[in-house]
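Below is one structure, written out as structure tokens; the observations come after it.
The values are calculated or read from the model by the stated rules, or taken from the named source; none is laboratory data. Predicted model, so just to flag it, every value in this text is computed and none were measured. Using ideal geometry, Cβ is built from the backbone for each residue, glycine included, and neighbour counts are taken over all protein chains shown. Note: accessible area is taken over every heavy atom of the protein model, side chains too, but ligands, DNA and RNA are not part of it. Shrake-Rupley method; radii C 1.70, N 1.55, O 1.52, S 1.80 Å.
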Amino acid sequence: MKSSYSLGLDISTSCTGLAALDAAGDVIAFSYCKPAGDTLVAKADMLGCFIKEWCDHQTTGPLKAVYIEQNLQRFRRGFSSAQVINTLARFNGMISYIVYRDLGIQPVYVNVNEGRKSLGIKIARGSNTKEEILKWCSLQYPDISWPEKKLKSGPRKGLVIQDDCCYDIADAIVTAKAGLTIYDNV
């Protein structure tokens, strides 16, 4: 009998991370999508098709739950502008509906702070949150082979480094793991 899996999404108009975790909270698959299109609707349509196709190709078993990182709720000086927050909220809503329509599962939203707290992730003031989340995921899941890219120019030309999409994948992993911890008590 195949076991079910849960999907974590870190939704963004530039790069969306996806992570599939089994019932025990182990990463069984991950990916990312950089939605293309001239409009928000075109990007949402492209991303929705990618998510559906990706989920259709998972062979571990049926999809049980979808956890989405909750979008920012308020403006904070020095961070995203009100316009960016509004755009991300609209995009998040579009993808949430597409997930419900195409996968038949009502997404559950995970507050980023509650999610990190449920997993014991503490981000020191002044540290790079994205780096800390990626580091936590690398320690929790040491067998993950993170996507890489080769630098094409500059003083580090030819150097192979982790692709920036790793941050989105890591956020998706944390979202899925937190969703399982908070809502399924893994």
When every residue in the stretch 153-175 that is open to solvent by less than 70 Å² (accessible area, probe 1.4 Å) and in a loop (DSSP other than H, G, I, E, B) is compared, the one nearest to Ala19 (Cα to Cα) is Asp163
Of those in the stretch 153-180 that are polar (S, T, N, Q) and at pLDDT below 95, the residue farthest from Tyr109 (Cα to Cα) is Ser153
Note on the stretch 19-31: residues open to solvent by 10 Å² or more (accessible area, probe 1.4 Å) and part of a loop (DSSP other than H, G, I, E, B) are Ala23, Ala24, Asp26
When every residue in the stretch 94-152 that is assigned to a loop (DSSP other than H, G, I, E, B), open to solvent by less than 50 Å² (accessible area, probe 1.4 Å) and polar (S, T, N, Q) is compared, the one modelled with the lowest pLDDT is Ser127
Restricting attention to the stretch 37-52, the residues that are open to solvent by less than 20 Å² (accessible area, probe 1.4 Å) and either small (Gly, Ala, Ser) or part of a loop (DSSP other than H, G, I, E, B) (or both) number exactly 2
Residue pairs qualifying under the 6 Å Cβ cut-off, at least six apart or on distinct chains, with the first in the stretch 2-28 being closer than 18 Å to Cys137 by Cα and the second being of a type in the set (Phe, Trp, Tyr) and in a loop (DSSP other than H, G, I, E, B), are Val27/Tyr141
In the stretch 1-18, anything in contact with a strand residue (DSSP E or B) (Cβ under 7 Å, 6 or more places away or on another chain) and open to solvent by 20 Å² or more (accessible area, probe 1.4 Å) is listed as Ser3, Ser4, Ile11
- Does Ile182 qualify as being in contact (Cβ under 8 Å) with a residue 24 or more places away in the chain, in contact with a helix residue (DSSP H, G or I) (Cβ under 9 Å, 6 or more places away or on another chain) and open to solvent by 40 Å² or more (accessible area, probe 1.4 Å)? yes
- Message: Among the residues of the stretch 58-65, are any out of contact with any strand residue (DSSP E or B) (no Cβ under 9 Å at 6 or more places or on another chain), outside any loop (DSSP other than H, G, I, E, B), open to solvent by less than 20 Å² (accessible area, probe 1.4 Å) and in contact (Cβ under 8 Å) with a residue 24 or more places away in the chain?
- Response: no
Residue set Ile11, Ile28, Ile51; condition over 13 Å from the mean Cα position of the chain (by Cα), β-branched (Val, Ile, Thr) and within 17 Å of Ala176 (Cα to Cα); output residue Ile28
Of (1) surrounded by 15 or more Cβ atoms within 10 Å (Cβ to Cβ); (2) at pLDDT 95 or above, Ile85 satisfies every one except (2)
Taking the condition among the charged types (D, E, K, R) and either crowded, with 16+ Cβ neighbours inside 10 Å or under 28 Å from Glu148 (Cβ atoms) (or both), does Lys34 pass? yes
Apart from one, (1) within 18 Å of the chain's Cα centre (by Cα); (2) of a type in the set (D, E, K, R); (3) farther than 26 Å from Leu47 by Cα all hold for Lys122; the odd one out is (1)
